[in-house]
Each structure stands twice: as C-alpha cells, then as structure tokens.
Amino acid sequence: MTPVTRQEVLGLYRKIFRIAKKWQSASGQIEETIKEKEYIKNEAKTLFKRNKNVTDPKLIKQCIEECEARIEIGLHYNIPYPRPIHLPPMGLAHKHGRTLRHQEKLRKISKPIYLKSHDEVS
C-alpha cells in the first residue's frame, strides 16, 4: 500500500468515526440513535479489520469506493444500514432452468458496489 493510499484509508476510517459521533437517527429517539451509532462503529471496525491485509491496488480502490459510497448514501438518506436492491424476488422463477439463471445473473450484475461487503459480513 502506498503512503497516499494509506493516508486515504486512515482518513476514511477517521471520517466514519466522526460521523458516528455526531450521528442522529431519523426518528430522533435516543435509543435508536445509540443503536445506529454502535452499528456504524462495529461495521467500520469489522470491514476495516477484514481488509487490512489487502495488497491488490484494484481491490483496495474498490474497497475505498465502497466506503465512500456507503458514507454518502448513509448521510443522504440518514440511514446507516445499506439500502437493498430492488429486484423481483427469486420465487418468481422456477427452481431449474433459464429463467432462474437469468434472474441470478441480473441480481449479480445489478448489485450496487456498497452492498458487496455487506453480504459477506451478515
């Protein structure tokens, strides 16, 4: 990891914790705010620890982009949790055949970058 990349990653880490410190839930309830602050901190710690040994520059760039996207979406919608993708449920296709494979392919292609790490954590 280059020094510039390292500074960028550490800057994102600090930014997340600053956001968590100032976070207010959309409902305004104290319990909800505390719960969301803890979620933000725990999610950041988990993902940064898991990716601390990544050395591939492309993968590092992808992780940075994901982090920035999740920060922007969280701040914009005032929701710390990742937003789900909106596709029809898999139950519409038969258990076997082209339709199921096509739906699985659509889901994989349409998955936003900010959800790539979420499925691995949860």
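Read the figures in this text as sums done on the coordinates, not as results from a lab. Fair warning: this is a prediction, and the values are worked out from it, not measured in the lab. Here the Cβ positions follow ideal geometry from the backbone for every residue, glycine too, while neighbour counts run over all protein chains shown.
Quick rundown of the values:
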quantity: Distance in nm between pseudo-label sites at Tyr77 and Val54 (7 Å out along the Cβ direction from Cα); calculated: 2.1 nm
quantity: Contour excess over end-to-end distance, with Cα ends at Arg18 and Asn42 and 0.36 nm allotted per residue; calculated: 7.3 nm
quantity: Net lengthening on full extension, Glu32/Glu104 (0.36 nm per residue, minus Cα-Cα); calculated: 22.4 nm
quantity: Highest to lowest packing among 20-27, 67-74, scored as the average C-beta count within 10 Å; calculated: 67-74, 20-27
